[in-house]
Amino acid sequence: MMTFGWVRQRTGHTPFEGGAPGLSRTRWIALCASAETVGMTAAAVAAKLSQHVLGGQPRGWDAALALLLVVAGGLVEGVALGALQASGLQRRIPRLNRRRWLLVTVAVAGLGWAAASVPGVFSDDGDAEPALLVVVAGALGRGVR
């Protein structure tokens, strides 16, 4: 779960501490779990479809279509997660810019998922481990947060 230090700086409390009513930990978990159910299903279906499109050999327009499918699946995940989180947070943080929250979540979660899925889609057996550079970049991204 992400940290809410920036929210505390702007509002004086995190979404789960005192302040405006409306967002319990249980509701937050339910919102995130619902969004991930939709998002992970879309991303997994997109990854499987792209493997089917490729037929074991990434080349030409088939590779471009497979990549488009994976990115679309990741974007669905990012939209689901960002929209449901923003709807819950809006109750606690009325000044929350829902559009910005959605766009940042789509960029980080959606495109991150798509980028992490690409090596598996383009591998011969569909079960490839990510390259070391991908793992290091992901670790650095988590550390910056």
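Structure above, values below:
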| quantity | calculated |
| --- | --- |
| Top-ranked residue of the stretch 70-100 - restricted to ones that are assigned to a helix (DSSP H, G or I) and polar (S, T, N, Q), ranked as nearest to A46 (Cα to Cα) | Q85 |
| Members of the stretch 35-69 that are among the polar types (S, T, N, Q), more than 17 Å from G110 (Cβ to Cβ) and assigned to a helix (DSSP H, G or I) | Q51 |
| When residues of the stretch 11-34 are limited to those that are surrounded by fewer than 12 Cβ atoms within 10 Å (Cβ to Cβ) and modelled with pLDDT under 80, the one nearest to V104 (Cα to Cα) | G12 |
| One residue from V70, V104 being surrounded by fewer than 20 Cβ atoms within 10 Å (Cβ to Cβ) and either more than 29 Å from V136 (Cα to Cα) or modelled with pLDDT of 80 or more (or both) | V104 |
| Filtered residue count, the stretch 73-101, keeping only those that are of a type in the set (D, E, K, R), surrounded by fewer than 21 Cβ atoms within 10 Å (Cβ to Cβ) and in contact (Cβ under 8 Å) with a residue 40 or more places away in the chain | 2 |
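The values are calculated or read from the model by the stated rules, or taken from the named source; none is laboratory data. Small disclaimer: the values here were computed from a predicted structure and weren't measured. When we count neighbours, we look across all protein chains shown, and the Cβ atoms used for this are built from the backbone with ideal geometry, even at glycine.
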